[in-house]
Amino acid sequence: MSIDPIDPQAATRHIYPKLAQRLTSADLRRLFRPSYEERRWVPTIARTPSSQVALLVQLKIFQAVGRFLPVEEIPQAAIEHVARELGVDEEIRRLYSDSTLYRHHSAVLERLRITAWGAAARELARRTMVDIAQVRTDPADLINAAVDALVRHRFELPSLDTLTRLARRIHSQVNTAQWQRVGALLKEVERAALEALLVVDPTTQESPFALICRAPGRATRKNLVALIDRHEWLQRLPDPTAALHPIADAKILQWANEARRLKAPELREYIAPRREALLLALLRQARGQVLDDLTQMLLKLVRKIEWKSEQRYDEWYQGRRATTDSLIRAFHDSLIVHDSDDPPARKVERLETLYTAHGGREKLKESCAQHLRHEKQNWRPFARNAFERLRSTLLRVAGILPLQATAMTRDLLGFVSAVSNEEPPYSDYYLIENVEAGSLPRDWRGLILDDPSNEKAFNRRQLEVVTMLELAAAIKAGEMFVVGSLSYDRFWDRLPREAADPAAIAAYAASRGWSEGADGFIRSVSESLERQEAFLKGALSDGKEGYLRRGKDGRPIVTPPQALPPSPSAIELEKRLSERMPERQLLAAIANTEHWTQWARHFGPPSRLSPQIKEATQRNVFTTFAYGCGLGPTEAARHLSGTVSADQLAFVDRRHVDIANLRAASADLINLYLQFELPRQWGTGKAAAADGTHFDTYENNLLAEHHIRYGKTGEIATYSSPHYVIENQGYFGSGPVLANARVGRALALAELLGNPDRCGGWSRAPQRRAAVPKAPCAELSAARSWPLFAAA
């Protein structure tokens with residue numbers, strides 16, 4: 001099956017099987033070549049050669065698209081191909097009697113063991129759509145799920161209009177019922193508070209709704225006050241938890257996404273139940289996001305404490321080198337005295353003289369004890385000094401976060417409650433009930449339980465340090481949860497209902513190539529980890545394949561690969577290609593790629609089947625140009641000479657485009673490029689090289705990390721191109737790959753821009769075709785093979 005790129009139906013976001021208007025020779029061989037059993041079956045139903053060809057065409061059409069097509073819509077190329085396969089030379093009639101057509105359809109359904117579209121199929125489609133509508137807002141997802149269910153239960157597919165009408169009716173009914181259910185759980189005071197969010201302040205010309213939609217800014221220590229104020233303000237607004245409890249999380253996220261794309265006057269035009277449901281979903285999303293920001297701040301600051309403690313330990317260790325040498329020299333001299341032949345009294349006298357020369361026995365004992373406290377790179381005694389500057393910030397954040405512990409971290413939660421108490425501490429030691437000191441790490445116990453008069457008393461200052469460090473570790477390990485957070489809440493409470501279906505789990509595991517059951521999953525993961533271990537061992541080797549080495553602290557360091565210089569022939573080829581490559585306008589290139597792949601079908605409102613704007617494709621192309629080039633809507637509208645206004649461009653970007661849409665559109669472009677002839681010259685596509693560029697960022701950026709290759713903090717932008725693909729190469733490729741990258745890029749541009757009719761490796765312009773896009777919903781199996789129906 002293929003989708004014709006110029007077919008307007010291909011621009012929608014649903015997947016409905018249909019034949020391409022232009023069938024290639026490969027399509028004809030794959031879809032319309034009869035098997036040996038089919039050749040034997042056809043004469044048992046039809047007697048004349050013309051009737052046999054017609055019957056076999058109906059069979060292959062149904063196998064391909066899951067339904068019968070009107071005779072006038074059957075491609076002539078398919079009829080001619082089947083006739084050649086059967087060796088029929090006479091002209092085939094396209095029209096024949098209704099009784100013969102009915103008899104052929106019945107024979108095809110009986111052979112394939114397919115149930116015709118009827119009451120049972122309609123009820124299956126309706127039930128499937130109702131179930132999916134509980135967690136999805138896009139009617140296209142309902143159609144996709146219904147198609148998948150009908151195929152799995154071997155029902156004939158109806159027309160697309162039939163499924164569309166059914167999906168729209170169920171979509172409207174389910175959504176209306178959910179909005180009313182949410183609104184019924186609200187009190188009048190809460191309704192009034194929600195309506196007040198849409199009132200625009202005449203002074204600031206902003207509404208509280210706009211403040212909720214606005215990003216809160218960086219979660220840094222400097223912005224902590226504003227972040228906490230935002231958290232407290234959101235807590236004073238109506239609590240959405242109870243009203244949204246019966247609604248699936250996926251539906252709530254989609255409602256919040258829809259609300260964020262609107263402005264207050266636009267949202268006021270919605271009916272009251274829908275408006276209230278969208279506002280509550282947005283409030284829950286905003287509350288979860290602010291908890292995410294606070295948690296990320298906690299993790300960042302704790303990591304900074306650990307890093308500074310390790311740095312101070314290294315400084316201390318370097319500064320104590322002379323003291324360590326003195327201790328070793330004293331110990332060496334004492335061994336010499338001990339091995340001498342002097343009488344015992346003389347040995348004691350000489351040892352006393354030796355100890356006095358090194359500062360006395362007490363000083364030596366203190367130096368030895370101090371050294372032993374830091375054995376095994378023990379940086380923990382230095383953590384208190386690094387923690388002191390961040391103490392109030394960390395304790396305040398820990399006191400705000402709604403933490404939930406597991407059975408393993410229940411005592412840790414008690415420690416957090418004790419140290420984050422709002423009352424100022426008046427003593428140096430704590431006596432905490434219902435907690436066990438053994439729950440703290442062994443390396444910290446000597447610092448925390450240092451009161452000689454009470455073994456159960458905790459050193460308050462050291463307890464604050466270890467509690468914050470262990471809290472961060474527990475959150476990252478999934479043993480401590482932040483209730484209501486988007487990223488740090490109990491993840492198994494948000495699993496879809498399919499996770500409780502053994503059949504669904506087994507099907508998912510099979511699609512991933514995992515063995516059956518928990519043991520099979522563990523075995524697959526173990527094998528994957530073993531492969532990664534073998535790869536890292538090879539990367540750390542001293543041979544030519546190794547490109548990793550261990551630093552002084554044991555951390556891996558990536559060595560830069562040695563690239564081969566481009567050969568003179570490659571430079572000459574690039575030069576000649578540049579001379580012959582025609583110039584293309586960027587806007588025309590964007591329009592061409594949209595024409596070939598229909599990537600704009602992913603753009604649109606989250607709860608609509610159609611874009612509902614005039615000339616949607618043109619508007620999407622203009623918006624992509626405006627924001628992709630960094631011009632923005634105002635400057636782009638000026639350069640487009642009044643073709644479209646800035647408001648129209650901003651409207652499309654705000655209401656029709658989000659991150660998920662952009663990723664889906666990018667996947668279409670990547671899949672299109674993989675159909676070129678050029679990537680196949682570099683390999684099978686199972687391995688690829690990617691080039692990353694380091695970008696400096698501000699110090700406290702939550703998205704920035706310390707990179708082992710560049711040795712500093714920032715962000716890495718990775719540029720991956722399929723023309724880098726080569727067989728048997730590591731993640732970073734090798735000399736020939738990097739040396740030929742310029743030539744590969746030039747060839748790719750020449751093939752795409754210089755000869756657009758050859759896009760995707762198509763041999764002739766009249767036979768262009770596009771790959772089948774992946775389904776936007778999880779209910780439709782992306783791995784379904786075509787033809788759609790095989791013989792039962």
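Summarising the amide proton neighbourhood of TYR429: residues at separation of 5 or more, or on other chains, whose placed amide H is nearer than 5 Å comprise ARG460.
Between GLU677 and SER511, the FRET efficiency from the beta-carbon distance, with R0 = 35 Å, is close to 0.70.
TRP307 sits with roughly 130 Å² accessible to a 1.4 Å probe, with DNA, RNA and ligands left out of the calculation. Heavy-atom surface analysis with a 1.4 Å probe gives segment 199-341 a carbon and sulfur content of 54 percent of its accessible area.
Of HIS602, HIS338, which has the most accessible area and how do the rest follow, probe 1.4 Å?
Numbers: HIS602 30, HIS338 125 Å².
Heavy-atom accessible area, descending, gives HIS338, HIS602.
For the set THR295, THR241, THR617, the ranking by accessible area, highest first and with no ligand, DNA or RNA atoms included, is THR241, THR617, THR295 under a 1.4 Å probe.
If the chain linking ALA192 and GLU315 were pulled fully straight, counting 0.36 nm for each residue of separation and taking away their Cα-Cα distance, it would gain 38.2 nm. For segment 178-190, the Karplus equation 6.51 cos²θ - 1.76 cosθ + 1.60, evaluated at θ = phi - 60°, returns couplings of 5, 4, 5, 5, 5, x, 5, 8, 8, 8, 5, 5, 5 Hz by residue, with Gly and Pro reported as x.
Using only alpha carbon pairs under 8 Å that are at least six residues apart, calculate the relative contact order of segment 152-272 and give it in whole percent. Don't skip to the end; give the middle numbers.
Numbers: 41 pairs, mean separation 35.3, N = 121.
Reported as a whole number, the value is 29 percent.
Once the Cα-Cα distance is subtracted from the 0.36 nm per residue extended length, the THR393 to ILE522 segment shows a gain of 42.3 nm.
For the pair THR406 and ILE571, what calculated FRET efficiency results from E = 1/(1 + (r/R0)^6), where r is the Cβ-Cβ distance and R0 = 56 Å, to the nearest 0.05? Mind showing how you got there, number by number?
Numbers: r = 62 Å, r/R0 = 1.10.
It comes to 0.35.
If we count every other residue with Cβ under 13 angstrom of THR162's Cβ, Lys/Arg +1 and Asp/Glu -1, where does the sum land? It would help to have the intermediate numbers written out before the result.
Working: positive: ARG67, ARG122, ARG126, ARG165, ARG168, ARG169; negative: GLU156, ASP161.
In short, +4.
What FRET efficiency, computed as 1/(1 + (r/R0)^6) with R0 = 51 Å and r the Cβ-Cβ distance, is obtained for CYS629 and GLU73, rounded to the nearest 0.05? That pair, CYS629 with GLU73, gives E of 0.75. Using a probe of 1.4 Å on the protein chains alone, the accessible area found for ASP428 is around 80 Å².
In Å², what does the accessible area per residue of segment 573-645 work out to with a 1.4 Å probe?
Working: 4160 Å² over 73 residues.
Ligands and nucleic acids excluded, the figure is 57 Å² per residue.
Put simply, the amide H of MET480, placed in the peptide plane, has neighbours under 5 Å in ILE475, leaving out anything fewer than 5 places away on its chain.
At a threshold of 8 angstrom on Cα-Cα distance, excluding pairs fewer than six apart, so keeping six or more, what relative contact order does segment 33-83 reach in percent? Could the numbers behind the result be given before it?
On the way: 26 pairs, mean separation 20.0, N = 51.
So the answer I get is 39 percent.
Model label points for HIS338 and SER427, set 7 angstrom from Cα along the Cα-to-Cβ axis, are 4.5 nm apart.
Note on HIS245 and ARG39: their simple-model spin labels are 6.7 nm apart, each label 7 Å out from Cα toward Cβ.
Computed with a 1.4 Å probe over protein heavy atoms only, the accessible area of VAL483 comes to about 70 Å².
Starting from the residue with the highest accessible area, list TYR16, TYR96 in decreasing order, probe 1.4 Å. Don't skip to the end; give the middle numbers.
Working: TYR16 20, TYR96 45 Å².
Largest to smallest exposure gives the sequence TYR96, TYR16.
When Rg and Dmax are taken over the Cα atoms of segment 108-256, they come to 22.4, 74 Å. Taking 7 Å steps out from each Cα toward its Cβ at GLU366 and THR48 produces label points 11.5 nm apart.
Length gained on full extension, ALA667 to SER417: 85.3 nm, using 0.36 nm per residue less the C-alpha separation.
The values are calculated or read from the model by the stated rules, or taken from the named source; none is laboratory data. What you see is a predicted model; the values in this text were computed from it and never measured. Methodologically, a virtual Cβ is constructed for each residue, glycine included, from the backbone with ideal geometry; neighbour enumeration extends over all protein chains shown. Note: areas computed on protein heavy atoms with side chains; ligands, DNA, RNA excluded. Shrake-Rupley method; radii C 1.70, N 1.55, O 1.52, S 1.80 Å.
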